[in-house]
Amino acid sequence: MTLSDEPPTGKPSLAVRIDEEKSRPLAWKTVAKRASVAAVAGLAIYLVFPAITEVLASWPRLSTLHPWWLTAAIAAEIAHFICTFALQRLALRTKPWFPVITSTLAGNAITLIMPGGAAVGAAVQFRMLATSGMDTSSTVGGLAAFSLLGVGGLLALPVFALPVILIGAPVNRGLENAALLGAVGFVAFAGLGAVVLAYDAPLRWTGRAAQRARNLVLRKRPPLEGLDQTLLSQRNDIRAVLGRQWWQALLLSAGRLAFDYLCLLFALRATGSHPRPSVILVAYAVAGIVGMIPATPGGLGLVEASLTGLLVLAEVNSSQAVLATLTYRIASYWVPLLAGPIAYGLFRIKYRKRVGAPAA
């Protein structure tokens, strides 16, 4: 099916609907909404700016890091991205690596640089995958399955660290509470996910309620129809993705989180610190959840402030915590951000004929 085709139901494909939305001028409400998002992001960055400057000010001290542990941290982050690419390739049910890698890096860069950029980054990745010739009907379900696995895995991390914290040596009360909240969050997420994947009624009711609310608020726009069926269809796609090769998806999801965590742990060892891995796991999980708050681009400032503070609670020296946070964020934030435009340029070079062709 090409981008200009329509599904058998007569409903325009997602790619066609994106092109239609692009051709319409932005309403003042949309402009005001996006301006408010940018204002909130600016305010958040202003509040956490001292933490950003404190972390970046330790840049000259990178030369003091132990070279072998620094190499191990870089290797762990590379392995994290390899697992990410493999997981997306599995979720998208495709064989080529190039469009998956380049679209993931480009979409990730947009997510990291824009306030609340997750939706924009996903849209960029979707259009790149569609341009490469991938079936758009399976792309949506694959990207949604990948997001669910990422969020679920991050929420599950405190569950694994909680028994060690409760049984082992005493730790800071704040980290213990964070682990308990993370465990509760994972149980809630897993329970909701199981209900949505197993039963049609809750998802159908949610779709109808959201559809009524949207049509009530946006009365001047054409009414939205069939949202419940759309949600069920996308849910079935996600269930199909997770059902066939669920064990591979589970291993890759665990691997990408484990290697990212090891990057932080090795960065701490490179500074000369010898922290307890279980306590650092809780700090890593909480900082990752904080980074999902769409207040600043890619959690910029929020992650630095929260991770540095949590590492100090984990009995890491404050100067070592700041230096380890800088090392970790260079590997997990700044380098992927710079790789995004390069990946997008390579993608345009390979698919320059398709990129120049009209989408519909």
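The values are calculated or read from the model by the stated rules, or taken from the named source; none is laboratory data. Everything numeric in this text was worked out from a predicted model, so none of it was measured. Don't worry about glycine lacking a Cβ; one is built from the backbone with ideal geometry, like all the others, and counts go over all protein chains shown. These area figures cover heavy atoms from the full protein model, side chains too; ligands, DNA and RNA do not enter into them. Shrake-Rupley method; radii C 1.70, N 1.55, O 1.52, S 1.80 Å.
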Exercise. Residues of the stretch 291-309 being surrounded by fewer than 20 Cβ atoms within 10 Å (Cβ to Cβ) and in a helix (DSSP H, G or I), which ones?
Worked result: Gly309
Exercise. When you go through Val282, Val312 one by one, which is the residue that is buried (at least 23 other Cβ atoms within 10 Å of the Cβ), of a type outside the set (Asp, Glu) and in a helix (DSSP H, G or I)?
Worked result: Val282
For this session: Could you pull out the residue among Ala210, Ala188 that is part of a helix (DSSP H, G or I) and either modelled with pLDDT of 70 or more or within 30 Å of Thr94 (Cβ to Cβ) (or both)?
Result: Ala210
Problem set entry | For Ile82: the one exception among (1) surrounded by fewer than 20 Cβ atoms within 10 Å (Cβ to Cβ); (2) in contact (Cβ under 8 Å) with a residue 24 or more places away in the chain; (3) within 23 Å of Leu250 (Cα to Cα) | (2)
Exercise. Is at least one residue of the stretch 268-276 closer than 30 Å to Met114 by Cβ, small (Gly, Ala, Ser) and buried (at least 20 other Cβ atoms within 10 Å of the Cβ)?
Worked result: no
For this session: With the checklist (1) basic (Lys, Arg); (2) open to solvent by 30 Å² or more (accessible area, probe 1.4 Å); (3) modelled with pLDDT of 80 or more in hand, flag the one item Arg354 doesn't pass.
Result: (3)
For this session: Give just the number: which of (1) modelled with pLDDT under 75; (2) outside any helix (DSSP H, G or I); (3) not aromatic (Phe, Trp, Tyr) does Arg93 not satisfy?
Result: (1)
Exercise. Any idea which of Ala270, Ala331 is touching a Phe, Trp or Tyr at 6+ places or on another chain (Cβ under 7 Å) and among the small types (Gly, Ala, Ser)?
Worked result: Ala270
